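Presented below is the structure to which this report refers.
The values are calculated or read from the model by the stated rules, or taken from the named source; none is laboratory data. Given the structure is predicted, the values throughout are model-derived calculations rather than measurements. Here the Cβ positions follow ideal geometry from the backbone for every residue, glycine too, while neighbour counts run over all protein chains shown.
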Amino acid sequence: PKEIFLKDYKKPDYLFDTVDLEFQLGDEKTMVTSKIAVSPGNEGTSSPLALHGCDLKLLSIKINGTELKSDKYTVDPRHLTILTPPAGVFNMEIVTEIYPQLNTSLEGLYRSTGNFCTQCEAEGFRKITYFQDRPDVMAKYTCRIEGDKTLYPVLLSNGNLIEQGDLEGGKHYALWEDPFKKPCYLFALVAGQLECREDSFVTCSGRKVTLRIWTPAQDLPKTSHAMYSLKEAMKWDEEVFGLEYDLDLFNIVVVPDFNMGAMENKSLNVFQSRLVLASPEAATDGDYAAILGVIGHEYFHNWTGNRVTCRDWFQLTLKEGLTVFRDQEFSSDLGCRTVKRIADVSKLRSYQFPQDAGPMAHPIRPLSYIKMDNFYTGTGLRKGAEVVRMYKTMFGASGFRKGMDLYFQRHDGQAVTCEDFYAAMCDANNAHLPNFLQWYSQAGTPTVKVTSSYDEGSQAFSLKLSQEVPPTPGQPMKEPMFIPVAVGLVDSTGKDMPLTSIYSDGRVQTLSNDGHPIFTTVLQFKKKEEEFIFNNVPERPVPSLLRGYSAPIRLDSDLTESDLYFLLANDSDEFNRWEAGQILARKLMFSLVADFQQQKTLALNTKFVDGLRAILRSTSLDKEFIAKAITLPGQGEIMDMMSIADPDAVHAVRTFIKKELAFQLKDDLLAAVTSNRSSEAYAFNHDSVARRALKNTCLAYLASLNEPDVTELALNEYKSATNMTEQFAALAALSQNPGQVREDALLDFYNKWQQDYLVVSKWFALQATSDIPGNVANVQKLLAHPAFDMRNPNKVYSLIGGFCGSPVSFHAKDGSGYKFLGEVVLQLDKINPQWHPAWFQRSLDGGDMMRPDKLLLSPAGDDHLSQWTL
Ligand code: B3K
Ligand code: ZN
């Protein structure tokens, strides 16, 4: 396979101005006619025109209406090359035949439960017709779809429906026109038996937009939360970014077989079922939150990705990092900001940090790729979102908005680069951020060391910062990066000190906000080492560092344990309160891991138990915050921080602490379960979600005791639950402990829900991630379960992805977990190679130290495998 390099980027020699597509959908074969108006991209170009193509049968090709002779072009399995295209503007017509019913890659045009559906990002359009399949070729499209009226009553594509009608032989057609220029990866077509929920949204300029969510008829009642989410997203983008929707119609289609979560095709988003369909009985709070976030995400792409797109696929983070950031902000504004931030940072740490520290480390903008699909990673997306967040941290909400406005003003309708975004942000704020662009080109998570000192005589408090970016594959030496470090100083009563002036880089800077005192400042740390001295500090403060997690780094500070307990109890920055607890928990876990390895008896220090008890008893803290604050760092996060990961030791220690906490806090945990029951009807709002989160977290702690009274309690919760959030949490609590109760509960749950494949997927995932002994064999057995289907990504993701994220069995010392995965990979690669990244990532994302380079996979010739196994 060919490796493609960022440094080799060249503008296309030919531009496509308009693209008129015609699909004749058939059961056996589909015919695609593509008429393209071509113009020279570079003055006087006469080079051959190379078009991408994959799995296509070429039927004919015409230039300016004349059939092209076979000596005027060449065809190979990946290209069609027109050897001497005419000079100037010309028309090209290509007819191809494709076989969607045989397409199990779920890329290009394929069938899902009888319906037709497309997925073109990143390079799937080439499976539909010969084309310059690259995002900097932007054209206006029309799409005419023709098919059997009974089999495919609904015919959808991008833009506006401008014509439809009946044809002979029981057929009908629809003609769609998209008035906006777009790259081919945003093209979409859907045809089949679908019904829609319809609603509308009136935009800020008073335009009425029709909103439709399409599903099989029986699922329509489950689309109300998705519709709510869409309308909230449309409103939010207007309010926060002044971005209005630009067409009169917005369609969402739900398909059960889909490689990713969803896809932002212009005005025709396609979603996998899990991220649209929800009812209180069958979906959890987590599902509701995911739907809100992903509906928002795809909608926000309309501006960040579609109106302004990427010049080439190396710039993926330009649209994905920015859009992930936007969906995080959207969910924060609709829920609880601190809790959302904690969730996002936890994911970054357990999904992205291990990747950045392992053989798959790559910059958010990779330097080369073989198969682009492998780069939809936690790094490009989640670290990319953190990089965008840093602009906001530096420039504030209004400065960030100015930067966004300038970005759209300059680049609407264009395919651009990460530098263009950086330039818009800096120019709009008259700023220059030295070393900031390093975030785009250097891989690896920087470590920042902080040492503090206080001088009573001069009332000066000093923070000395140093940074280290670790070597990563292909990048042995690193340059310093621009790191915004948000800092507050906490006095001995627990209050923030007003910050008056700071000395750094040879100059004094007065700190105030229009004459008002400020309590948090952002240090611009941009060299290898720098000292920042706060003046007029009346007593030794406890510094609250990296507030709100202002940069995606590892922080190594000289805060003492008692400083951390103090911050846990007092910090006004709630994120850092949680963080202080996590640092304490990590320290504790590391010391217990050492004890475990030396076969010492494990014991829990009382200060830690007391700290958590105080949080659990708090009546002023947000309940979901409490749930997060009493949850220990994940096993993956701890392993990621060890020089040699010891999964068994980490698991034993985490289990020990959990049980010990449950034992010592039993009364408080029981009280929290009891007092957070509710008989009200299910509602997805922050207060109810928070209440359930706390109750479920406490129940999980209690069940770990495996005592008859708590098992009884969990069984009752399971039986009396009226929503999936509580029912599933109780099932998960019960299934922690091997035995008959577990078996019965799992069977009961399956019998109840076997008709609902999304719930069955949860049931697979719960068993796959279990840490009960001998789970490899259990998962192997589940592969043969009648409800499992290797061709459905959701099920593969739940069972195999879940297993790879499991704390114990995947890493079984006898290698059976790795062997199992290796075997499944080889099977899956033949059906649908794109699944690899999805769940390879999940296992990495899940925080495990899986080393794909160490897995004994045969070096298959396939692009997908070889990207990571070479
Ligand atoms: N842009 C798509 C992801 C496409 C992945 C292609 N392998 C969805 C999203 O960003 O939400
Ligand atoms: Zn996206």
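So the values come out like this:
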{"read-out": "Filter result (within 14 Å of ligand 2 (Cβ to nearest atom) and either modelled with pLDDT under 95 or not in a loop (DSSP other than H, G, I, E, B) (or both)) within segment 259-271", "value": "N259, M260, G261, A262, M263, N269, V270, F271"}
{"read-out": "Sole residue being assigned to a helix (DSSP H, G or I) and away from ligand 2 (no atom under 14 Å from the Cβ), chosen from Y299, Y288", "value": "Y288"}
{"read-out": "Search result, residues across segment 584-615 that are among the β-branched types (V, I, T) and closer than 18 Å to F663 by Cα", "value": "T601, T606, V609, I615"}
{"read-out": "Pair list, Cβ under 8 Å, 6 or more apart: segment 129-156 residue over 20 Å from G41 (Cβ atoms), other residue crowded, with 20+ Cβ neighbours inside 10 Å and among the acidic types (D, E)", "value": "T142/D178; C143/D178"}
{"read-out": "Hits in segment 21-52 (condition: in contact with an Asp or Glu (Cβ under 9 Å, 6 or more places away or on another chain), closer than 30 Å to K149 by Cβ and part of a strand (DSSP E or B))", "value": "E22, F23, Q24, T30, M31, V32, T33, S34, K35, I36"}
{"read-out": "Check on F330, assigned to a helix (DSSP H, G or I), within 16 Å of ligand 2 (Cβ to nearest atom) and modelled with pLDDT of 95 or more", "value": "yes"}
{"read-out": "Residue match in segment 53-68 (condition: on the phi < 0 side of the Ramachandran plot, out of contact with any strand residue (DSSP E or B) (no Cβ under 8 Å at 6 or more places or on another chain) and part of a helix (DSSP H, G or I))", "value": "no"}
{"read-out": "Top-ranked residue of segment 329-353 - restricted to ones that are crowded, with 20+ Cβ neighbours inside 10 Å and without any contact (Cβ under 8 Å) to a residue 60 or more places away in the chain, ranked as farthest from ligand 1 (Cβ to nearest atom)", "value": "K340"}
{"read-out": "Pairs, first farther than 18 Å from I483 by Cα in segment 443-469, second exposed (fewer than 15 other Cβ atoms within 10 Å of the Cβ) and of a type in the set (G, A, S), C-beta under 8 Å, six or more apart", "value": "F461/S453"}
{"read-out": "Number of positions in segment 119-154 that are in a strand (DSSP E or B), buried (at least 23 other Cβ atoms within 10 Å of the Cβ) and touching a Lys or Arg at 6+ places or on another chain (Cβ under 9 Å)", "value": "2"}
{"read-out": "Residue in segment 397-414 that is part of a helix (DSSP H, G or I) and either within 16 Å of ligand 2 (Cβ to nearest atom) or within 30 Å of G358 (Cβ to Cβ) (or both) present", "value": "no"}
{"read-out": "Among the candidates S346, S350, residue that is in a helix (DSSP H, G or I), in contact with an Asp or Glu (Cβ under 6 Å, 6 or more places away or on another chain) and among the small types (G, A, S)", "value": "S350"}
{"read-out": "Selection count where residues are buried (at least 20 other Cβ atoms within 10 Å of the Cβ) and not in a loop (DSSP other than H, G, I, E, B), scope segment 354-368", "value": "3"}
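To keep it simple, each residue is scored yes or no on (1) free of Cβ contacts under 8 Å to residues at least 40 places away in the same chain; (2) within 27 Å of E386 (Cβ to Cβ); (3) touching a helix residue (DSSP H, G or I) at 6+ places or on another chain (Cβ under 9 Å).
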residue	(1), (2), (3)
V490	no, yes, yes
T510	yes, no, no
P517	yes, no, no
N535	no, no, no
L545	no, yes, yes
P552	no, yes, yes
F575	no, yes, yes
